[in-house]
Amino acid sequence: MTNQSHGTINADLIIEARWLAPVSAKEKLLEHYSVVVQGDILTDLLPTAQARLKYTASTLVCLDEHVLIP
């Protein structure tokens, strides 16, 4: 669903993490990344700066000093 006034996409949850560790061993540790969740589905994974422009959420969790493994 799009927020018409800001042109952003509404999500249920955004988790902003200092580091994101992909499950695949081939991927490197990502810094300042966000996970976007709609319902029980992870819908996007992108740099936090981009996520803040593209999405709004009813719940925002900031993990400034944490590693997140989605």
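The values are calculated or read from the model by the stated rules, or taken from the named source; none is laboratory data. Keep in mind that what you see is a predicted model, and the values were worked out from it rather than measured. Glycine gets a Cβ as well: all are built from the backbone with ideal geometry, and neighbour counts include every protein chain shown. With ligands, DNA and RNA removed, areas are computed over all heavy atoms of the protein, side chains included. Shrake-Rupley method; radii C 1.70, N 1.55, O 1.52, S 1.80 Å.
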- Item | CD proxy at 222 nm, helix term only [per DSSP H run n ≥ 4: -39500 (n - 2.57); per residue of the chain; nearest 500] | -2500 deg cm²/dmol
- Message: Using Cα springs under 10 Å in a Gaussian network model of the chain, which residue among Leu46, Leu29, Leu13 shows the largest mean-square fluctuation?
- Response: Leu29
- Which listed residue (Gly39, Ala49, Pro70) has the Cα farthest towards the positive end of the charge dipole for the chain, taking +1 on Lys and Arg C-beta and -1 on Asp and Glu C-beta about the Cα centre? Ala49
- So for the chain, what are the equivalent ellipsoid semi-axes in whole Å, largest first, each being the square root of 5 times an eigenvalue of the Cα gyration tensor? 22, 12, 11
- Message: 7 Å from Cα along Cα→Cβ at both Thr59 and Ile41: what's the point-to-point distance in nm?
- Response: 1.8
- Share of antiparallel DSSP beta bridges in the chain, in percent to the nearest 5? 60
- Message: Taking the solvent-accessible surface of protein heavy atoms with a 1.4 Å probe, what is the per residue accessible area of the chain in Å²?
- Response: 68
- Query: Per the 1.4 Å probe, what fraction of the accessible area of the stretch 1-68, in percent, lies on carbon and sulfur atoms?
  - Reply: 56
- Note on the structure: The local net charge around Trp19, scoring Lys/Arg +1 and Asp/Glu -1 for residues other than Trp19 whose Cβ lies under 13 Å from its Cβ, equals -3
- Item | Residue among Ser24, Ser58, Leu13 farthest towards the positive dipole end of the chain, charges placed on Cβ | Ser24
